[in-house]
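Visitor: Sending over a structure as C-alpha cells; questions will come in a sec.
Just so it is clear, none of the values below were taken in a lab; they were calculated from the coordinates. Just so it is clear, the structure is predicted and the values come from calculations on it, not from any experiment. Counting neighbours? That spans all protein chains shown, and the Cβs are built from the backbone with ideal geometry, glycine included.
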Amino acid sequence: MERPARRRVPRRLRTPYAPALVLALVAAGFAAWAGQDWYAAAHDDRAAYAVQRDRALAAGEQAVQNLNTLDHRDLDRGLDLWEASTTGELHEQLTAGRDDFAGQVKEAETVSTARVLSGAVTELDDRAGRARVLVALRVTVRAADGTRSDKDSRMLGELTRTDGRWKLSALGQAPVGGAPAG
Amino acid sequence: MSTTRHHINRQRLRQARAARPEVVEIRPRPGTRGAAGPRGPRAAEEKASGPARPRPRRPWGLAALCALTVLLGAFAGWAHAEAESLRAEPALSNTALTDVARTSEVKGQVAEAVDRLFSYDHADPAAFDKAAKDLLTGKAVDQHRDLFADVRERADARKAVITTAVTETAVERIDGDRARVLVYADQSSVATAGGKAAAQQDDGVYAAAMLAVDTVHRDGRWLITSLDTFDRT
C-alpha cells in the first residue's frame with residue numbers, strides 16, 4: 001500500500017506535509033492559549049471594578065469642583081453645570097433653590113473658583129452604582145471689593161450612576177469634632 | 001470561506017485541464033526509479049480518468065494548511081496583543097479598593113499612625129518621639145519635625161495635650177508596596193497651664209485637618225514616607 005502511494009505523490013510534494021501539519025497544530029495551540037488569555041483579560045472583574053473606581057473618582061472630583069465654582073456674571077452657565085453634575089436628591093435641592101441662590105450670588109457679586117487638592121474613593125458598589133468619595137478642596141472666593149480669600153474644605157460626596165454616568169447625589173463637608181474616629 | 005476555495009479550486013482544475021491535457025510530471029518519474037512494471041498501467045489509468053486531479057489537489061491542501069497556520073499564528077499574536085493592552089489599562093495598576101485586604105490594612109495603619117504622629121502630650125514627649133521613629137521614614141522625618149517644631153514648643157510652654165483623631169481615610173492608590181492615602185483628622189488641644197486666654201482659645205476647639213500621606217510597605221508595616229498638608233504655594 002505504501003509503495004503505490006509513494007509513487008503517486010512525488011516526494012517533493014509529499015515531504016512538507018508532516019512539518020506543515022505540526023506547524024499548524026503548534027499555531028492552533030498558540031491561538032487557543034492566546035484566545036483564552038484574551039478572554040480572561042477581557043472578563044477580569046477586578047479590571048472592570050478598577051475602571052469604575054477611576055470613573056467615579058474623576059466624575060466626583062469634577063462635580064465637587066463644579067459645585068464650588070460660580071461666577072456672578074455668568075450665573076446661568078454655572079448653575080446649569082451644577083444641575084448637570086448632580087442627580088437624585090441633591091439635584092432636586094439645587095433645582096428648587098436655584099432662583100433664590102442666584103439672587104443671593106448676584107447681590108453679593110462673588111466669584112468662586114475651586115481646585116481639587118486630592119481625592120479618593122472610599123466605597124464603591126459597582127452593581128448598585130453607588131460610590132462615596134473624599135475630595136480635599138481649596139475654594140477661592142473673590143468678593144465684590146476685590147478681596148480674595150482661600151478656604152480649604154474637606155468634602156464628602158456620594159455618587160450615583162445614572163445611565164452609565166456617575167453624578168453627585170449628596171455633598172457635604174466632613175463634620176469637625178463631631179463623631180469620634182471610627 | 002470553504003465554498004469560495006472550492007470554487008477557485010474547481011476553476012483552476014478546469015484551466016489546468018484545458019491547458020495541459022497530459023500530466024508530464026508524474027509519468028517521467030517512475031521511469032527514473034526503474035520499477036516500471038506496476039507503474040505503467042497506473043499512470044495510464046490516471047491519465048484516462050482524470051489526468052490533472054492528484055497533482056493540484058495536494059499542493060492546495062498544503063497551501064490551505066500553510067494559510068491556516070499563518071491565520072492561527074496571526075490570531076495568536078493579535079489576541080496576545082489585545083490581552084496585553086487590556087492588562088496595561090492604567091486603572092489596573094492601582095489596586096486601591098480592588099484589593100480589599102490591602103486597602104483596609106493601609107487605611108487602618110495610616111489612621112493609627114496619624115493619630116500617634118499628630119498627638120502630643122507635654123508630660124510624655126518620649127511617646128511622640130517614638131512614634132516618629134517607628135512610623136516615619138525618608139523625608140517624612142524632616143517634614144514631621146518641621147511641622148511640629150513650633151507646636152511642640154508652645155505645647156511644652158503651656159503644658160498642653162494635643163490630641164488628633166482621624167475621622168476619615170481613603171486610599172487614593174496602591175501600587176505594589178507603595179500607597180497614597182487621603183486623611184481627614186480633627187485636632188484638639190487642652191492647656192493645663194498658661195494664661196486664661198490661651199486656655200479659652202484652645203479648649204474644646206477642634207481644628208479640621210486634611211493631609212495626604214505617602215506610604216511604603218516595609219517589613220510587614222506601612223511606613224510613612226511623605227506628608228502633604230497641601231500648603232499654599
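Visitor: In the structure shown, do any of A:Lys151/B:Lys130; A:Lys106/A:Lys151; A:Lys151/B:Lys159; B:Lys130/B:Lys159 have a Cα-Cα gap over 27 Å, and if so which?
Guide: Those over the limit are A:Lys151/B:Lys130; A:Lys151/B:Lys159.
Visitor: What is the angle, in °, between the Cα long axis of helix A:98-108 and the longest principal axis of the Cα atoms in chain A? Nearest 10 is fine, range 0 to 90.
Guide: Helix A:98-108 sits at roughly 60 degrees to that axis.
Visitor: Right, another one. When Cβ neighbours within 10 Å are restricted to other protein chains, what is their mean count per residue of peptide B:179-187?
Guide: 5
Visitor: R0 = 51 Å: FRET efficiency of A:Gln93 with B:Ala64, Cβ-based, nearest 0.05?
Guide: Efficiency for this residue pair is about 0.15.
Visitor: Residue by residue through segment B:160-176, which ³J(HN,Hα) values in whole Hz follow from phi under the Karplus form 6.51 cos²θ - 1.76 cosθ + 1.60 (θ = phi - 60°), with glycine and proline marked x?
Guide: Karplus-based 3J(HN,Hα) across segment B:160-176 equals 9, 10, 9, 10, 10, 10, 6, 9, 9, 9, 8, 8, 6, 7, 10, 10, x Hz.
Visitor: Still on this structure, please answer the following. Quick check: the angle from helix A:17-42's long axis to the longest principal axis of chain A, C-alpha only, nearest 10 degrees?
Guide: That helix lies at roughly 20 degrees to the long axis.
Visitor: Whole-Hz ³J(HN,Hα) for each residue in segment A:66-79, computed from phi via Karplus 6.51 cos²θ - 1.76 cosθ + 1.60 with θ = phi - 60°, x for glycine and proline: what do you get?
Guide: Those phi angles translate into 4, 6, 10, 10, 7, 10, 5, 7, 9, 4, 4, 5, x, 6 Hz.
Visitor: Now, a different point. Long-range amide H contacts for B:Glu172: which residues qualify at under 5 Å (H placed 1.01 Å from N, peptide plane, sequence gap of 5 or more or a different chain)?
Guide: Placed amide hydrogens put B:Arg180, B:Val181, B:Leu182 under 5 Å from B:Glu172.
Visitor: Each residue of segment A:157-168 in turn: what ³J(HN,Hα) in whole Hz from Karplus with 6.51, -1.76, 1.60 and θ = phi - 60°, glycine and Pro shown as x?
Guide: Residue by residue, segment A:157-168 yields x, 10, 10, 10, 8, 10, 6, x, 10, 7, 9, 6 Hz.
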